[in-house]
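Read the structure below first, then the notes.
The values are calculated or read from the model by the stated rules, or taken from the named source; none is laboratory data. Treat the numbers as computed from the prediction; the structure is a model and nothing was measured. Quick reminder, even Gly has a Cβ in these numbers, built from the backbone with ideal geometry, and neighbours come from all protein chains shown. SASA here: full protein model, heavy atoms, side chains in, ligands and nucleic acids out. Shrake-Rupley method; radii C 1.70, N 1.55, O 1.52, S 1.80 Å.
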Amino acid sequence: MMRFRFAVTAIDAAAARVDIGDLSAGGFVAFEGWVRNHNEGREVTRLEYEAFQELAVKEGDRIVAEALQRFPIKRALCVHRVGSLALGEMAVWVGVSAVHRGEAFDACRYIIDEVKHRVPIWKKEHYLSGDSGWVNCEHCAAAPKHAHEERDHEHAT
Amino acid sequence: MSGQQSIAPLYGLILAGGSSSRMQRDKASLEYQGQTQLDRAYGLACRHVLPVYVSVRAAQVAEPTRAAKPMIVDSFPGEGPIIGIRSAFSAHPHAAWLVLACDLPFLSDAVVQHLLRERDASKHATAYTSTFDGLPEPLCAIWEPSAAAALQGYQNGAGTCPRKFLIRHASKLIEPIDAHALDNINTPEEYSRAAAELRQTTPMQLKVQYYALMREQAGRSEETLETQAGNPADLYAELVARYGFTLSREQLKVAVNSEFCDWSRQLAAGDAVVFIPPVAGG
């Protein structure tokens, strides 16, 4: 089973949860990233996600494999949305099952952090004012070094 | 070739006696990649046969590009390739001649080699047929000693065209192995096109895919393009010039064939290149 996949329609969190079920696991942690109505002081009306899917699936799978190596967890999965998303919709789902809760939280945090900064996925924000912009490509153009490192300009998650 | 005693030794003759009237300057001295046409043709012939001579008119013997090489000066009245070929036969009656015009910038070793392999010494000549009209190409051909007398007879009958001579007289014709090898250049426009083409020694086809901001700026999500760029860094510079991408290379990552790679990676024909703008998943 691929440990990272894309969804072109609403993410089915219940089905994803079943995929990482394990009878030896005593706990399960999930993180959901949602489309929120503002970012960096601007009112957002919707988001568009686009991915270089061939490489994104490879890189995403590598991240989950890393988490399985680093933390004593049972199973893990990440599902990411592409396409046009309305406010409140789920953009990403990360789930981890483990014997104990501590590792599950740590691994879940590791996966979402790495996915946000390594997987070739882009999002375009559409603003209430009518214009739009690619996150990290346009606002931050003046500070190029931060583009792949900066962890404060997070949006949906 | 076959080693039979009757086969004449093969010498080289570079035809550089033309008046270059359409080019409006001496064709022999036109340069490609820093080398004159005459030097290129002479060097090419020397890789296959020796000795090699340059065919010139009496008026050209002092011209430096020609004078640096062994010359055969026209020894019959008149002008044109047939005079040059007849003069070579007259200077070395027992030799056959690999005759090459000096204005064939795309001529290759493979084309000359193939001609030599196909040589039929029992005919007056061995020549390629033209890609354009299927007629013989007399100026990248092997002329046997037996052609000397026939050429004289042809000229005595007021013939001047070596191509017509080959059509009328026994010659072995072979199919071209390279459609453009015998394209000759006669005008300044043809010269600049040929020079540009030769500058791009190995243009390759690459597939480039664009995402997000770069897709919008390029106005397309993918394309196949010809480039000389040897690595992704050079390719990006080329595409910035074409599309005006606003992201600097330092902001991007690059992938070739769906895997991240260095900017210095050597690109090969058929590679699929993706420039990766700052990501924003989650």
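Select from segment A:53-67 the residues that are more than 14 Å from every other protein chain (Cβ to nearest Cβ) and either touching a Ser or Thr at 6+ places or on another chain (Cβ under 9 Å) or surrounded by fewer than 17 Cβ atoms within 10 Å (Cβ to Cβ) (or both) and list them in ascending order. Before you say what the answer is, go through the steps one by one.
Within segment A:53-67, the first condition is being more than 14 Å from every other protein chain (Cβ to nearest Cβ), and the residues that meet it are A:65-67.
Once the filter is applied, which keeps residues that are more than 14 Å from every other protein chain (Cβ to nearest Cβ) and either touching a Ser or Thr at 6+ places or on another chain (Cβ under 9 Å) or surrounded by fewer than 17 Cβ atoms within 10 Å (Cβ to Cβ) (or both), segment A:53-67 yields A:Ala65, A:Glu66.
On the stretch given as segment A:86-131, residues that are facing another protein chain (nearest Cβ under 10 Å) and either open to solvent by 40 Å² or more (accessible area, probe 1.4 Å) or assigned to a strand (DSSP E or B) (or both) total 9. Candidates are the residues of segment B:52-94 that are open to solvent by 10 Å² or more (accessible area, probe 1.4 Å) and charged (D, E, K, R); the one that is farthest from B:Ser29 (Cα to Cα) is B:Arg86.
When B:Trp97 is tested against (1) within 17 Å of B:Asn184 (Cα to Cα); (2) open to solvent by less than 20 Å² (accessible area, probe 1.4 Å); (3) aromatic (Phe, Trp, Tyr), just one condition goes unmet, and that condition is (1). So which residues in segment A:20-39 are more than 14 Å from the chain's Cα centre (by Cα) and either part of a strand (DSSP E or B) or buried (at least 16 other Cβ atoms within 10 Å of the Cβ) (or both), if there are any at all? A:Ile20, A:Ala25, A:Gly27, A:Phe28, A:Val29, A:His38, A:Asn39, listed by residue number. For segment B:206-256, the set of residues classified as at the interface with chain A (Cβ under 8 Å from one of its Cβ atoms) and in a strand (DSSP E or B) consists of B:Gln209, B:Lys253, B:Ala255, listed by residue number.
If B:Ala194 passes every condition in (1) farther than 30 Å from B:Ala280 by Cα; (2) outside any loop (DSSP other than H, G, I, E, B); (3) open to solvent by 30 Å² or more (accessible area, probe 1.4 Å) but one, which one does it miss? The single condition B:Ala194 does not satisfy is (3).
Selection of segment B:3-38 for residues being open to solvent by 50 Å² or more (accessible area, probe 1.4 Å), outside any strand (DSSP E or B) and not polar (S, T, N, Q) yields B:Gly3, B:Pro9, B:Arg22, B:Arg25, B:Gly34.
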